[in-house]
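Here the structure comes first, spelled out in structure tokens, and everything after it is commentary.
The values are calculated or read from the model by the stated rules, or taken from the named source; none is laboratory data. These figures come from a predicted structure and were not determined experimentally. All Cβ positions, even for glycine, are placed from backbone atoms using ideal geometry, and neighbour counts span all protein chains on display. What goes into the accessible areas is simple: the full protein's heavy atoms, side chains included, and nothing from ligands, DNA or RNA. Shrake-Rupley method; radii C 1.70, N 1.55, O 1.52, S 1.80 Å.
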Number of protein chains: 2
Amino acid sequence: MSSLRQLEYLVTVADTGSFTRAAERLHVTQPALSHQIRALERSSGGPLLERLPRSVRLTPMGRAMLPHARAALAEAERAKCAALHAAGLLHAELRLSTVYSVSLGVLPPTLRAWRDKHPNVHIRLFEHRHADELRAAMLEGQADLAVGPQPDGWRGPVRELGVEEFVVVLPPGDPAAKPGARTVRLETLADREWVHFAQGHGLADVLDQACARAGFVARAAVRTEQTATAPVLAAAGLGPTLVPSNVLPPGFGGVVLRARPAVRRMLTAYTRDEPDVLTSAFLDTLADTVTP
Amino acid sequence: MSSLRQLEYLVTVADTGSFTRAAERLHVTQPALSHQIRALERSSGGPLLERLPRSVRLTPMGRAMLPHARAALAEAERAKCAALHAAGLLHAELRLSTVYSVSLGVLPPTLRAWRDKHPNVHIRLFEHRHADELRAAMLEGQADLAVGPQPDGWRGPVRELGVEEFVVVLPPGDPAAKPGARTVRLETLADREWVHFAQGHGLADVLDQACARAGFVARAAVRTEQTATAPVLAAAGLGPTLVPSNVLPPGFGGVVLRARPAVRRMLTAYTRDEPDVLTSAFLDTLADTVTP
DNA sequence: GCTCGACATGAGCAGAGTTTATGCGAACCG
DNA sequence: CGGTTCGCATAAACTCTGCTCATGTCGAGC
């Protein structure tokens, strides 16, 4: 009997038209996918996919199989949903804890996707100024799930979501932004006054450490408490600032340059204990919406 | 994500109303089933089955989940069938090799069940007089699947189907058959002339070895080539005989007693290489129809 | 009260599935 | 036309799931 996972792999390869892309989407490596598809083909009695040099197509056999595979997956999903519905009405709240920059940048698309899938699950959001605060609150069991920078020495499941890249924001026409350049060296901004963050704000540490690595101390023209304010102030000419690229709204007016050397932060989701159904469902949504 | 197997386990427990019986039907041990159901319950967020002292019932959650689980299983099955159909394997041929006693006793119900499920697969049956002949023919690749006694030192997959119990057949009113007795000691028949089997017939060896273990040599009143003939001759008074219990037709006229000590034979199905889809489908049918 | 039936639990083990590393062939590019 | 890149297959090692075997627990029935 073929497993659900194998059917899921087949569907994903069919949808993406490529082993490699399917493997990415499924969060497994490409050989693992190759193996499973191969096993499925053995147990089905013949090839399901036609390996072309540039892409992958379904064989007639695969095409015949595909709709039933989709249906089986959908039914399994419905089985779980039905179970959740039958029992989940009691405890349908998910407590989510995070830091300012994440709740502004990464979370909104995820929350929208989640709301579409599970409109009856209420989400309660806790926001913290600093990753350490987040960590401490999670230790006390404030929330079911934390989304934020990698916590040091965390006893419990941690899932890596992806790396955030930080960008320098400058006002239009700033001399440090060479025409056409995509990056900027932090050292060239060593003598500027920066749009900084308030004491205890997580991004204040990020900025300070990045500047320290570049060999200088960032002086503050102004310190803001709100993450979203910094790039607006920077674009208005108060000085450069450094923020995760995903907090910038689409069509943002300022000049945006990747820092060189790169300033990155691993974004993770972590829980105190093994995640329950709701939490792990949210984790999947999170992983799906963050990377692609 | 819950696996297909877990859903199958759930459905079977719901159908049988018991962990133990479900485990038998699924050909796994009861702890394995307990574990999987427990895992499914964990990943579903709550109990699916209510464990009563005498039986097992579904919780509302389990009841909600059940129809979808069935549907998922059915779709997965259809996926495989669709693939087979597309590959043209549904109009295929399955070559089956066996020994006389098996083709008479065990196989007919299996073949009927198979015919109902896959009416388009033609079965070609090869019958052998002795297990060694069967083994040799299989080595040469005569058939896709062999059904017969356990082959010695077989290089390839062997699946145990169950043990055949041999019975002594006597004419009605034979003095060796005590009224109400269900068994008979072979020694008490040591001085009889037996309804024996032809030289080279597999059951001839079985009879000789059983008698040897009981401390005597079975003299032959007559030797028959056909398995079905022996019990008829025995019932007609030519002498006792020893045959697998499953070769006796329902409503057989003679006296049937289990041999003591028991004469048993492990019945197996074996293939040269890993079985293909068709073969393993037949194997499943076989395993299902032989044991219960 | 004792035994028996039925499910739970725990330890140990085999095999499935995954990852990392590497190979191979076809297409693309200079 | 060789070199490079992209995409899938293959090999080997490791991890972890899921199995069996042995044992525990609890209620029912004699």
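Overview of values
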{"item": "Selection count where residues are of a type in the set (A, V, I, L, M, F, W, C), within 14 Å of another protein chain (Cβ to nearest Cβ) and over 13 Å from the mean Cα position of the chain (by Cα), scope segment A:253-292", "result": "3"}
{"item": "Qualifying residue in segment B:100-111 (condition: open to solvent by less than 80 Å² (accessible area, probe 1.4 Å), out of contact with any strand residue (DSSP E or B) (no Cβ under 7 Å at 6 or more places or on another chain) and within 14 Å of another protein chain (Cβ to nearest Cβ))", "result": "no"}
{"item": "Verdict on A:R78 being at the interface with chain B (Cβ under 7 Å from one of its Cβ atoms) and either assigned to a helix (DSSP H, G or I) or in contact with a Gly (Cβ under 6 Å, 6 or more places away or on another chain) (or both)", "result": "yes"}
{"item": "Complete set of residues in segment A:180-205 that are open to solvent by less than 30 Å² (accessible area, probe 1.4 Å) and out of contact with any His (no Cβ under 7 Å at 6 or more places or on another chain)", "result": "A:V184, A:L186, A:L189, A:W194, A:V195, A:H196, A:F197, A:A198, A:L203"}
{"item": "Residues of segment B:32-55 satisfying the condition of being over 28 Å from the mean Cα position of the chain (by Cα) and within 7 Å of DNA strand D (Cβ to nearest atom)", "result": "B:A39, B:P53, B:R54"}
{"item": "Strands (runs of 3 or more DSSP E) (entirely within segment B:157-238) containing at least 1 residues that are within 24 Å of the chain's Cα centre (by Cα) and at pLDDT below 90", "result": "B:158-170, B:183-185"}
{"item": "Single match in A:E133, A:E140 (criterion: surrounded by fewer than 22 Cβ atoms within 10 Å (Cβ to Cβ) and at pLDDT 90 or above)", "result": "A:E133"}
{"item": "Residue that is among the hydroxyl-bearing types (S, T, Y) and either in the same structural domain as A:L139 (by TED's automatic domain parsing) or open to solvent by 20 Å² or more (accessible area, probe 1.4 Å) (or both), where the choices are A:T279, A:T224, A:T241", "result": "A:T279"}
{"item": "Close pairs from segment B:8-31: first away from DNA strand D (no atom under 13 Å from the Cβ), partner modelled with pLDDT under 90 and part of a loop (DSSP other than H, G, I, E, B), Cβ under 6 Å, at least 6 apart", "result": "B:G17/B:S55"}
{"item": "Hits in segment A:11-57 (condition: within 13 Å of another protein chain (Cβ to nearest Cβ), part of a helix (DSSP H, G or I), more than 13 Å from DNA strand C (Cβ to nearest atom) and farther than 22 Å from A:L283 by Cα)", "result": "A:A14, A:S44"}
{"item": "The listed residue being assigned to a strand (DSSP E or B) and without any contact (Cβ under 8 Å) to a residue 60 or more places away in the chain, out of A:S103, A:S97", "result": "A:S97"}
